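The values are calculated or read from the model by the stated rules, or taken from the named source; none is laboratory data. Bear in mind that the values here come from a model prediction, so they are computed numbers and not experimental data. Because the Cβ atoms are built from the backbone with ideal geometry, glycine has one as well, and the counts that use them run over all protein chains shown. Just so you know, the surface numbers come from the protein's heavy atoms only, side chains and all, with ligands and any DNA or RNA stripped out. Shrake-Rupley method; radii C 1.70, N 1.55, O 1.52, S 1.80 Å.
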Amino acid sequence: MELISPKNRYHDAPRAPDFTIDQAWETYSAEEHDRWDRLFRRQKEVTRGRACSAALEAMEALELSPSGIPHMGRLSDRLEKITGWRIVPVAELVPDEIFFDHLANRRFPAGAFIRPEAEFDYLQEPDIFHDIFGHVPLLANPVFADFMEAYGKGGQRAMRLGQLHNLARLYWYTVEFGLIREAEGLRIYGAGILSSPQETVFALEDDSPNRIGFDVQRLMRTKYIIDDFQQTYFVVDSFEALLDTCYKDFGSVYADVKGEPDYEAHEIAPGDEVLHRGTHAYFDLGGRR
Ligand code: HBI
Ligand code: FE
C-alpha cells in the first residue's frame with residue numbers, strides 16, 4: 001500500500017533558474033505507473049469520436065500509451081523531430097514570465113507529479129496526465145505548435161503592456177477549453193477538456209453551456225471559472241484561424257477591449273455567432289456536484 005505521500009513529491013525538488021527539475025523517472029512507483037495507465041485507458045476511450053483529429057493522430061505519432069508514465073526526455077526526442085518542441089519537467093505552476101519564456105522557445109513545462117488516487121477524477125493543478133495527455137499531442141501539429149510559440153512571445157509582450165489578464169483569457173478559452181469545427185461536427189482540442197472524462201462529454205453534448213464562434217476581442221472580454229466546467233465554449237474553424245489572431249498586432253486588440261465591460265462566463269453577447277444557446281441547467285443545479 002502506497003504510503004500517504006505528500007500530494008506532490010516534487011514540491012521541494014531542486015530546480016534550475018528556469019524552474020525545471022529532474023523528472024527522476026526511475027523514482028515513479030508501480031502504483032503511480034498503474035494510475036497513469038488507468039487514467040490513460042479511460043480517457044482514450046472517452047475521447048474517441050470527441051477529440052479533434054489532430055490530437056488523435058498525434059497520440060499515435062508520439063506513441064503515447066498505457067505503458068506507464070512517459071519519460072519526458074524520450075518523449076521529447078520524438079516530439080522534437082516533428083515540430084521542434086520539447087517537454088521540460090517542472091514541479092508545479094511556474095511564474096508567468098518563466099512560463100512564457102519556455103513557450104517562446106518551444107519548451108512546454110509539464111508537471112512531473114501524478115495526481116493522488118483521491119483526486120483521480122479531478123484536480124485543479126496541472127499534473128503529468130493533464131499536461132502530457134492534454135497539451136502535448138497538439139504540440140505535434142505544426143500550426144498549433146506555431147500558435148503556442150507565438151502565444152509565448154505574445155505573453156512576454158502582454159506582461160510588458162500590463163495586459164496579461166486578456167492573454168490569460170485567450171489561453172483559457174483556446175489552449176485549455178477550446179473546441180474546433182470539423183466536417184463530422186464539433187471536436188475538442190482544449191487540454192482541460194481532453195484530460196477530463198466528465199468535461200469531454202459535457203463540452204460537446206450537454207445542453208447547459210453556450211457554444212459560440214471564436215472572436216478574439218469578445219473572448220478577451222469574457223470572464224472564466226477555474227473550479228468547474230465552463231459555461232461557454234468558443235469554437236474555432238481551424239488552427240490556422242487561431243494562429244492568425246496572434247499575427248495580428250495584439251496591441252490594437254488590447255486597445256479595442258480596454259475600458260469595455262467584461263462579459264460574465266454564461267452571457268451571450270450582441271454579435272455572437274451562437275452555435276448553441278446554453279440552458280445553464282447544470283449551473284442552476286449548483287454546478288460541480
Ligand atoms: N505554469 N507549469 C505551468 N503550467 C501552466 O499551464 C501555467 C504555468 N504558469 C502560468 C500559467 N500557466 C497561466 O497563468 C498562463 O496563462 C500564463
Ligand atoms: Fe493546462
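Gap in Å between the Cα centre of region 80-98 and the Cα centre of region 211-275?
Computed from Cα coordinates, the inter-centre distance equals 25 Å.
Rolling a 1.4 angstrom probe over the protein heavy atoms, how many square angstrom per residue are accessible across the chain?
Accessible surface, normalised per residue, equals 44 Å².
What is the antiparallel percent of DSSP beta bridges lying wholly in region 123-248, to the nearest 5?
Percent antiparallel among DSSP bridges in region 123-248 is about 40.
I need the P(r) histogram for region 78-185: all alpha carbon pairs, bin width 5 Å from 0 out to the longest distance, whole percents.
Per 5 Å bin, starting at zero, the Cα-Cα P(r) for region 78-185 comes out as 2, 11, 20, 24, 20, 13, 7, 2, 0 percent.
Which percent of Cα pairs goes in each bin when the distances of region 231-289 are cut into 5 angstrom slices starting at zero?
4, 13, 16, 19, 22, 13, 8, 5, 1
Just to verify a number: what accessible area does ILE268 come out at with the full protein assembly present, 1.4 Å probe, Å² rounded to tens?
Approximately 50 Å² of ILE268 is accessible to the 1.4 Å probe.
At 1.4 Å probe size, with no ligands or nucleic acids counted, give the accessible surface of VAL143 in Å², nearest ten.
VAL143 exposes around 30 Å² with every protein chain in place.
Sequence gap at least 6, Cα distance under 8 Å: using those rules, report the relative contact order of region 25-285 to the nearest whole percent.
Relative contact order here is 18 percent.
Please sort 150-160, 191-201 by packing, taking for each peptide the average over its residues of neighbouring beta carbons within 10 angstrom, highest first. List each step's numbers first, then the result.
On the way: 150-160: 18.4, 191-201: 20.9.
Top to bottom by mean Cβ count within 10 Å: 191-201, 150-160.
Could you check which residue among GLY68, GLY84, GLY185 shows the biggest mean-square fluctuation in a GNM of the chain with a 10 Å Cα cutoff?
It is GLY185.
Would you work out what percent of the accessible area of the chain, with all protein chains in place, is carbon or sulfur (probe 1.4 Å)?
Carbon-and-sulfur percentage of accessible area, whole number: 53.
How compact is region 130-289 by the rule of thumb for globular proteins, expressed as Cα Rg over 2.2 N^0.38 Å?
Rg over 2.2 N^0.38 Å, computed on Cα atoms: 1.00.
Among the DSSP beta bridges whose two residues both lie in region 25-285, what percent are antiparallel, rounded to the nearest 5?
30
Cross-link candidates for LYS248: which lysines have Cα within less than 23 Å, leaving aside residues fewer than 8 places away along the same chain?
In chain and number order, the partners are LYS153, LYS223, LYS258.
Between ALA241, ALA16, ALA91, where does the largest GNM mean-square fluctuation fall for the chain, given springs only between Cα atoms within less than 10 Å?
Of ALA241, ALA16, ALA91, the Gaussian network model singles out ALA16 as fluctuating most.
Taking just the C-alpha trace of the chain, give me its Rg and Dmax in Å.
18.5, 57
May I ask you to give the average projected area over all directions of the convex hull of the Cα atoms of region 1-148, in nm² rounded to one decimal? The partial results should precede the final answer.
On the way: hull surface 35.0 nm².
Seen from a random direction, the Cα hull of region 1-148 projects 8.8 nm² on average.
Starting from the Cα gyration tensor of region 1-80, take the square roots of the eigenvalues, sort them a ≥ b ≥ c, and report rounded, prolate or oblate (rounded when a/c is under 1.5, otherwise prolate if a/b is larger than b/c, else oblate).
oblate
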